[in-house]
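The values are calculated or read from the model by the stated rules, or taken from the named source; none is laboratory data. This structure is a prediction, so every number in the text was calculated from the model and none was measured. Please note: Cβ atoms are built from the backbone with ideal geometry, for glycine as well, and neighbour counts cover all protein chains shown. With ligands, DNA and RNA removed, areas are computed over all heavy atoms of the protein, side chains included. Shrake-Rupley method; radii C 1.70, N 1.55, O 1.52, S 1.80 Å.
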Amino acid sequence: MSIVKEVEQANTEAAHSYIDDLFETVQKRNPGEVEFHQAVKEVFLSLIPVLAQQPKYIEHAVLDRLVEPDRIISFRVPWTDDKGKVQVNRGFRVQFSNAIGPYKGGLRFHPSVNASIIKFLGFEQIFKNSLTGQAIGGGKGGSDFDPKGKSDLEIMRFCQSFMMELSKHIGPDTDVPAGDIGVGAREIGYMFGQYKKLVGAYEAGVLTGKGIGYGGSLGRKEATGYGAVYFVEEMMKSVGLGFNGSTVVVSGSGNVSIYAIEKAIQLGAKVVACSDSSGYIYHEAGINLDTLKRLKEVENRRCKDYVLEHPDAIYVEGCSGIWSIACDIALPCATQNEIDKASAELLVNNGVKAVGEGANMPSTLEAIDVFLDNKVLFAPAKAANAGGVSVSALEMAQNSARLSWTLEEVDTKLQQIMHNIYSASMKASETYGVPGNLVIGANIAGFVKVADAMIAQGV
Ligand code: NDP
Ligand code: 2IT
């Protein structure tokens, strides 16, 4: 064994034991936070090659610092429902890292929201945002508020109360929230209105995903779904495949799913299934996007109702069965851990060629292994769904410059950003000896920029 190899081997062992010890600390310090542990574990395992080659990251305790958020804000959100009854929810904002820019990341309103969920999302956002090449740090927030079945006025009162506290911690150069599950343009509008009133100034860049008429960016609504499809298309092109002529399954039927479906159809694919948390629809002839958009974006109805208008489609109760449908491309765009090992095996056995994660952490670690072991082209969330936050950063840029770009300008920039993310992730995978492994490549490419900034800025 050459001296170089021996040094490398020793460093790899050092990296392994550093990661093992630190992961144990993370588990002890954050008991029961299983989603946060999962997100940290994936990043840690991916970083072993770079830690082995660049011991400076261990010496400067970069990861020890990164797993501890700058701060976690947790607060009471009292509001009155339409019956005049007082309701209390819990709000969160986790400001993880501002090493390369103001904290940036969405707000999620869903009954499952807790510290673990917000921390996993905030931790991943650090690396995702770095990958975009834009100057944005990592953060995330939300509430266990359940928007389902709430009236418009209840949503407004909740958003106003949520912003009463959140407003103390955010600002265009401090922390810039946006949407996520359960938070779209309506909720951002109510929160922006309240923020404006509280600070007494028109700080357009404090939130992104705003309505087009008051500082929002054209193309933000479409950005995550379109971006994911652009990314998967480029990944598939590298082996002579693509969306054209492919059969696609997309889980979820919210913001990310709808625009992933739209772009996939535009590229010549047939999208045969989508879902909500109650069940999924299978339409062999191809999902009718006009119907789906009207049901979901205008009428706020359920997937089940789609078959009333398309009797040749079928509806099945329970959302996880969607992965039993044979497809060339699977785009999980609903929520975390929606594809487990068994679902991944089903997809592989049915011949899936590519998987693109539109949602955050939709595949369990075991599911990712199944895809990689079976040579399925796999586009990890931090890379594939970064289009949303990228256009959010473009919205911030437009707000600062007090101008608005056309849809074509924004879309061209989005395509370029997704291409850059793909190239950077591929390049990192090659540099660190795992060519084509985009999980490792994306994590390393995102990490290096943040880590170098942290070292440059001192402890
Ligand atoms: P939406 O609220 O618009 O839609 C969410 C969709 O997923 C709905 O169809 C919802 O069904 C379904 N869903 C949510 N939770 C569950 C669950 N626990 N089990 C099964 N289905 C569920 O959210 P988005 O489309 O904005 O977000 C979807 C995913 O994409 C999330 O993981 C989010 O973090 C991620 N993401 C979003 C970005 C954005 O710009 N919006 C950017 C990057 C990532 P139902 O209506 O029944 O609840
Ligand atoms: O997970 C995500 O990247 C988002 N929900 C979008 C965040 C943003 O700031 O646009």
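Spatial offset of region 228-273 relative to region 83-110 amounts to 31 Å, using the alpha carbon center of each.
Expressed as a whole percent, the accessible surface of region 237-351 that belongs to carbon and sulfur atoms is 50, based on a 1.4 Å probe.
Taken about its Cα centre, region 103-190 carries a charge dipole of roughly 100 debye when the Cβ of each Lys and Arg holds +1 and the Cβ of each Asp and Glu holds -1.
Cα-based values for region 1-73, radius of gyration first and Dmax second, are 13.8, 52 Å.
With all protein chains in place and a 1.4 Å probe, the accessible surface of region 33-115 carries 49 percent carbon and sulfur. If you take all other residues with their beta carbon under 13 Å from the beta carbon of V248, and give Lys and Arg +1 and Asp and Glu -1, the sum is -1.
One quarter of the surface of the convex hull around the alpha-carbon atoms of region 295-387 equals 6.8 nm², the direction-averaged projected area. Listed peptides 52-62, 94-104, 265-275 appear in the order 94-104, 265-275, 52-62 once ranked by packing, highest mean of other Cβ atoms within 10 Å at the front.
Taking the helices alone, the chain has a mean residue ellipticity at 222 nm of -15500 deg cm²/dmol, built from -39,500 (n - 2.57) per DSSP H run of at least 4 residues and averaged over all its residues. Starting from a Cα-only point model with no solvent, please compute log10 I(q)/I(0) by Debye for the chain at q = 0.11, 0.13 1/Å. Taken in order of the listed q values, log10 I(q)/I(0) reads -0.85, -1.21. Diagonalising the gyration tensor over the Cα atoms of region 1-127 and scaling each eigenvalue by 5 before taking the square root yields semi-axes of 39, 14, 10 Å, largest first. Distance between the C-alpha centres of region 189-212 and region 381-412: 18 Å, rounded to the whole angstrom. The mean accessible area for residues of the chain, using a 1.4 Å probe and ignoring ligands and nucleic acids, is 40 Å² per residue. Of all beta bridges that DSSP places with both ends in the chain, some 55 percent have antiparallel geometry. Is the shape of region 300-459 rounded, prolate or oblate, going by the alpha carbon gyration tensor and its root eigenvalues a ≥ b ≥ c, with a/c under 1.5 for rounded and a/b larger than b/c for prolate? Taking the square roots of the gyration eigenvalues as a ≥ b ≥ c, region 300-459 is oblate. Does region 192-286 classify as rounded, prolate or oblate by the C-alpha gyration tensor (a ≥ b ≥ c root eigenvalues; a/c under 1.5 gives rounded; else a/b over b/c gives prolate, otherwise oblate)? It is prolate, given that a/c is not under 1.5 and a/b is the larger ratio. Across the options H37, A344, A386, the greatest Cα extent toward the positive end of the charge dipole of the chain (unit charges at beta carbon of Lys, Arg, Asp, Glu) belongs to A386. Computed 3J(HN,Hα) for region 199-214, one whole-Hz value per residue from the Karplus formula 6.51 cos²θ - 1.76 cosθ + 1.60 where θ = phi - 60°, is 8, x, 8, 8, 9, 4, x, 7, 9, 10, x, 6, x, 4, x, 9, glycine and proline marked x.
The charge dipole of region 304-415, taken about its Cα centre with unit charges on the Cβ atoms of Lys, Arg (+1), Asp and Glu (-1) only, comes to about 360 debye.
Assuming charge only on the beta carbon of Lys and Arg (+1) and of Asp and Glu (-1), the dipole of region 164-248 about its Cα centre is about 260 debye to the nearest 20.
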